[in-house]
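Rule-based calculations on the coordinates, nothing more; no lab input. Not measured: the values here are computed from a predicted model. Cβ placement follows ideal geometry from the backbone for every residue including glycine, while neighbour counts extend to all protein chains displayed.
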Amino acid sequence: MIENIKTVNDFNFKNKTAIVRVDFNVPINNNLIIDDTRIQYSLPTIRKIIHDHGKVVLISHFGRPKGIPSKIYSLRFMISYLSHQLKIPIKFSEYCIGSSVEKYVNELKNGEVLLLENIRFHKEEEEGNEKFAFQLAKLGDIYVNDAFGVSHRFHSSITIIPKFFKNKKCIGFLMKKEIQSLQKILGKGKKPITILLGGAKITSKISIIKNIIHLIDNILIGGGMAYPFIKVQGGKIGNSILEKYNEIEKILKNIIDLYQKQNQTNIHFPKDVVIADSFNNKANTKIVPIYSIPNGWKGLDIGPQSIKYFCDIIRKSKTILWNGPLGVFEFSNFSFGTKSIAKAIVNSTEKGAFSLVGGGDSIAALRMENYENKISYLSTGGGAMLECLKQTILPGIKAIIE
Ligand code: AMP
C-alpha cells in the first residue's frame with residue numbers, strides 16, 4: 001500500500017504553498033498541552049517544507065465544536081507552542097476560507113507558516129462538502145495529509161480536497177510511519193502475533209475480530225469488550241458494561257461460533273475479574289470467575305488469573321498490538337490489570353518484540369507508568385488504527401492514491 005503512495009520526500013516545495021492537514025487535536029488543560037505526541041510526529045513534515053523554502057498552510061481540527069465557533073475550541077493556543085517548536089513566528093487566520101485567508105496566503109513568504117483556525121468551526125468540514133473543499137484547495141499548490149487520526153473520516157479536508165490536486169498530493173512523515181508500523185503487524189509481522197482489545201467502545205472494535213482472526217495468532221479480549229462475549233455464551237455478567245448488545249449480538253454469535261464449533265482457539269477471554277458493587281474507586285470488591293458475576297455487581301478489572309494468562313501469551317509474542325484498557329484504569333483500585341499488561345508489553349518489547357499501542361486511554365495508561373518511550377510505536381489514531389486492521393485502505397489514504 002505504502003509502496004505506491006507519494007510522500008513529502010517526492011516533492012521539492014521551493015516557492016510552493018503546501019496545504020498540510022494535521023491532527024492537532026491534543027489533550028489540553030488550562031491551555032497547556034498535556035500530550036503533544038501528535039504534534040511532535042508531524043513537525044518533521046512541516047520542517048521539510050520549510051527547509052525546501054516552501055510555504056505552509058496548516059489545517060487542523062480541535063475537539064467537536066460541531067460547526068459553531070467558540071473560544072474553548074480555538075486553535076489560537078497553538079501559535080506560541082508552534083513558534084517555540086519551529087523557532088519561527090507563526091501566522092494565524094481566523095477564517096479557513098474566503099478573501100481574508102486568501103490574502104494571508106498570498107502574503108506568505110517562503111519558509112513561513114500560516115495556521116488556520118479550527119476547521120470544524122465550519123460545519124461543511126464534517127459534511128464532506130465539495131464546495132468548501134474547493135475553497136480550501138485554493139489556498140495551496142500541493143496537498144499533504146499528515147492527519148492519521150482522522151483519515152478514516154470522510155471529511156472535506158481529508159477525502160474531498162485531494163480531488164483538486166491530481167498528482168500534487170501526498171502523505172507526510174507521520175502518516176508514513178503509521179502505515180509502516182501497521183504493516184509490521186499485518187502481513188509482515190513476526191509470529192506469534194498478538195492483538196489485545198479492551199476498552200468500552202465495543203461496537204467500533206467488534207467487526208475487526210472477524211477480519212483478523214485468520215491472520216493473528218492470539219486475540220486477547222479484555223476490559224468492557226469481554227462482557228458481551230461472556231453473555232452471548234450464557235455466562236452471568238451481573239451489571240457489567242454492555243454496549244449496544246442487541247446491535248452486536250449477531251456478530252458476537254458469529255465469532256463465538258468460530259471459537260467454539262470450529263475450534264478457533266486463538267481468541268482468549270479473561271478467566272477471573274475484579275467486581276465492584278458500585279462504579280467508584282471506594283466500592284466493595286471481590287474476585288470471581290468471569291462467567292459468574294452476581295447481580296448488582298460489575299466487572300471493573302481483570303483478575304490475577306487473567307493477568308497471568310494474558311501476560312504469558314504476551315511474553316511469548318513477537319508482535320503485539322494493544323488498543324483499549326483492561327479495566328476502569330482511571331480508578332486506582334481497578335488499574336492493576338491494565339498496568340500489568342502494559343508492563344508485560346514493555347518487557348516483551350525490551351526482549352525484541354515489536355509493539356504498537358493506539359487509542360488515547362491505552363497511551364494514557366502507559367504514561368501513568370512512564371512506559372511511553374518503551375513501546376516500539378505509539379499510534380496517533382485509535383479509531384484509524386482499528387479501521388486499518390479491517391484491511392481496508394483508509395479513505396484519507398485512498399484519496400491520495402486516486
Ligand atoms: P475505549 O475508548 O473503547 O478504549 O474505552 C476506554 C474506556 O473503557 C476507559 O475509560 C475505561 O474506563 C473503560 N473500561 C474499560 N474496562 C471497563 C469495564 N470493565 N467497565 C466499564 N468501563 C470499562
(message) At 7 Å along Cα-to-Cβ for each site, give me the label-to-label distance between D312 and F279 in nm.
(response) 3.4
(request) Output ³J(HN,Hα) for region 350-364: one whole-Hz value per residue in order, computed from phi by the Karplus curve 6.51 cos²θ - 1.76 cosθ + 1.60 with θ = phi - 60°, and x for Gly and Pro. (result) 5, 8, x, 6, 9, 10, 10, 10, x, x, x, 6, 5, 5, 4
(request) Order the peptides 15-22, 368-375, 110-117 from the highest to the lowest mean number of other Cβ atoms within 10 Å of their residues. (result) 15-22, 110-117, 368-375
(message) Explain nothing, just compute: Karplus ³J(HN,Hα) = 6.51 cos²θ - 1.76 cosθ + 1.60, θ = phi - 60°, for every residue of region 206-212 in order, whole Hz, x for Gly and Pro.
(response) 5, 5, 5, 4, 5, 6, 10
(message) Skipping prolines and chain starts, which residues have an amide H placed within reach, meaning under 5 Å, of the one on I290, given they are 5 or more residues away or on another chain?
(response) D272, V273
(request) Counting only DSSP beta bridges with both residues in the chain, tell me the antiparallel percent, nearest 5. (result) 20
(request) Sort the following peptides by mean Cβ neighbour count (other Cβ atoms within 10 Å, averaged over residues), highest first: 142-149, 74-81. (result) 142-149, 74-81
(message) Apply the Karplus curve 6.51 cos²θ - 1.76 cosθ + 1.60, θ = phi - 60°, to the phi angles in region 73-89 and return the couplings in whole Hz, x for Gly and Pro.
(response) 9, 5, 8, 4, 4, 7, 4, 5, 4, 5, 4, 5, 5, 8, 6, 9, x
(request) May I ask for the net charge around G67, where only other residues with Cβ less than 9 Å from the Cβ of G67 are counted and Lys, Arg are +1 while Asp, Glu are -1? (result) -1
(request) Could you sort out which of K205/K282; K55/K176; K316/K390 sit more than 23 Å apart by Cα distance in this structure? (result) K205/K282; K316/K390
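Could you work out how much longer the chain between E330 and E127 gets when fully extended? Use 0.36 nm per residue separation minus the Cα distance between them, nm to one decimal.
My answer for the length gained is 69.7 nm.
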(request) Run the quick spin-label model on Q40 and N347: label points 7 Å from Cα toward the beta carbon, then report their separation in nm to one decimal. (result) 2.6
(message) Could you work out how much longer the chain between K188 and N106 gets when fully extended? Use 0.36 nm per residue separation minus the Cα distance between them, nm to one decimal.
(response) 25.0 nm
(request) Output the peptides 193-205, 123-135 sorted from most to least packed, where packing is the average of other Cβ atoms within 10 Å over each peptide's residues. (result) 193-205, 123-135
(request) Once you have a ≥ b ≥ c as the square roots of the Cα gyration tensor eigenvalues for region 305-375, tell me rounded if a/c is under 1.5, and otherwise prolate or oblate according to whether a/b is larger than b/c. (result) oblate
(request) Would you mind getting me the FRET efficiency between I33 and L242? Use the beta-carbon distance for r and R0 = 41 Å, nearest 0.05. (result) 0.70
(request) Find the all-direction average of the projected area of the Cα convex hull for region 68-145, expressing the result in square nanometres with one decimal place. (result) 5.7
(message) Give me, ordered by chain and number, the residues 5 or more places off I28 or on other chains with an amide H under 5 Å from its own placed amide H.
(response) I34
(request) Find out how many positive minus negative residues lie around G324, taking Lys and Arg as positive, Asp and Glu as negative, among other residues whose Cβ is under 9 Å from that of G324. (result) +1
(message) Restricting things to Cα coordinates, could you compute the convex hull volume per residue of the chain in Å³?
(response) 144
(request) Kindly flag which residue pairs out of K244/K286; K48/K184; K168/K188; K131/K163; K177/K210 have an alpha-carbon separation exceeding 18 Å in this structure. (result) K244/K286; K48/K184; K168/K188; K177/K210
(message) Can you give the log10 of the normalised intensity I(q)/I(0) at q = 0.11, 0.13 Å⁻¹, computed with Debye over equal Cα scatterers of region 189-389?
(response) -0.45, -0.64
(request) Report P(r) for region 8-173: all Cα-Cα distances, bin width 5 Å, range 0 to the bin holding the largest distance, values in whole percent. (result) 2, 9, 20, 24, 23, 15, 6, 1, 0
(request) Just add up the charged neighbours of S207: K/R +1, D/E -1, any other residue whose Cβ is under 15 Å from the Cβ of S207. (result) +3
